[in-house]
């Protein structure tokens, strides 16, 4: 059975809340952590406030978590997953450096 009957409007409209969030994908997991890091570095606008807000402690915690994840998963990831993790971590470290450490230069 579909949401549509011939010639009629949908019987029940689906909303975003009805759709399950994707999970179990390592690349997507890394992307979510990366986005959180970019938010904490003030690179991306907070979707709730509409403002760019820096949180150095949160950004550092995310970098530390990614570094721990890299250490704990060493030798257990597929080559593309390992490369993605390395790239996310190095990119976020560079953004952190520019956002918080290079401000006086």
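What to note about this one:
- Diffusion coefficient, µm² s⁻¹, Stokes-Einstein with Kirkwood Rh over alpha-carbon pairs of the stretch 22-101 at 4 °C and 1.567 mPa s: 100 µm²/s
- Extension gain, residue 90 to residue 70: 0.36 nm times the residue separation minus the Cα-Cα distance gives 6.1 nm.
- Efficiency of FRET between residue 28 and residue 49 - r from beta-carbon atoms, R0 30 angstrom, step 0.05: 0.75
- Simple spin-label estimate for residue 78 and residue 100 gives 3.3 nm between the two label positions (7 Å along the Cα-to-Cβ direction from each Cα).
- The stretch 22-101 - percent relative contact order, Cα under 8 Å, separation 6 or more: 33 percent
Computed from the coordinates by the stated procedures, all read-outs in this text should not be read as laboratory data. Keep in mind it's a predicted model, so treat the numbers as computed, not measured. Positions of Cβ are generated from backbone atoms using ideal geometry, with glycine treated the same way; all protein chains shown enter the neighbour counts.
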